[in-house]
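K.L.:
Structure incoming, see below.
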Amino acid sequence: MGFWKSLFSSTDASIEKPASTESYVVPGSVDGSTTGDRANSRIFFSTEREIDLYELEELCDAVGWSRRPLRKVKKAIQHSFLVGTMWEQRGATRRLVGFARATSDHAFNATIWDVVVHPDFQGKGLGKALMKFMIKKLRSEDISNITLFADPQVVNFYRNLGFMQDPEGIKGMFWYPD
């Protein structure tokens, strides 16, 4: 539970909300080499909603997600409580390399959806950094219950971030059209 304590340990009620953009330098090269432009890249996290939907679609294609109608993706982004993006900046070039969004009741609960990190950036700690960014932003809005749905192949990733199955054993239920 150390992860959660590090995120939620502040008791100062006058904490300012984090800036909408945060950045850090990628340690070493993202692609594993030590030469070239990528060694000088920066990763930026943002909550700005101005996203090129075609660039987002390319990101989702890169991880093998099924295509979704762009008009629905746009609507989902517009109606989300929080949208977090992760960008690689190399010189004047900016590239979308991660995305996540959350819906919320604006008081107690939020659910994180559509977490995606480009395969070139996986295994570098950036997915974890994106999730910490999302959790930090949700906590700054006083959201105390954060949930998500995880495919079996990523359950351990989320478990390592402190997410757990419902301790009371309540099972989620879903309704899908025929």
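The values are calculated or read from the model by the stated rules, or taken from the named source; none is laboratory data. This structure is a prediction, so every number in the text was calculated from the model and none was measured. Counting neighbours? That spans all protein chains shown, and the Cβs are built from the backbone with ideal geometry, glycine included.
K.L.:
Scan region 141-178 for residues that are farther than 16 Å from Val117 by Cβ, of a type in the set (Gly, Ala, Ser) and surrounded by 14 or more Cβ atoms within 10 Å (Cβ to Cβ) and report the count.
P.N.:
The qualifying residues number 1.
K.L.:
Which condition does Met86 not pass, out of (1) under 22 Å from Tyr158 (Cβ atoms); (2) touching a residue at least 12 places away in the same chain (Cβ under 8 Å); (3) surrounded by fewer than 16 Cβ atoms within 10 Å (Cβ to Cβ), if it passes all the others?
P.N.:
(3)
K.L.:
Looking for something in contact with a Ser or Thr (Cβ under 9 Å, 6 or more places away or on another chain), within 25 Å of Asp52 (Cβ to Cβ) and modelled with pLDDT of 95 or more - is there at least one such residue anywhere in region 138-155?
P.N.:
yes
K.L.:
Looking for something within 21 Å of Gly172 (Cα to Cα) and free of Cβ contacts under 8 Å to residues at least 40 places away in the same chain - is there at least one such residue anywhere in region 115-133?
P.N.:
Within region 115-133, one or more residues are within 21 Å of Gly172 (Cα to Cα) and free of Cβ contacts under 8 Å to residues at least 40 places away in the same chain.
K.L.:
Determine if region 25-45 includes at least one residue that is at pLDDT 65 or above and among the aromatic types (Phe, Trp, Tyr).
P.N.:
yes
K.L.:
Continuing with this model, one more query. From (1) of a type outside the set (Lys, Arg); (2) within 21 Å of Lys136 (Cα to Cα); (3) modelled with pLDDT of 55 or more, pick out the condition that doesn't hold for Phe8.
P.N.:
That leaves (3) as the condition not met.
K.L.:
Let me ask you something else. Does any residue of region 101-109 turn out to be among the aliphatic types (A, V, I, L, M), without any contact (Cβ under 8 Å) to a residue 40 or more places away in the chain and surrounded by fewer than 20 Cβ atoms within 10 Å (Cβ to Cβ)?
P.N.:
yes
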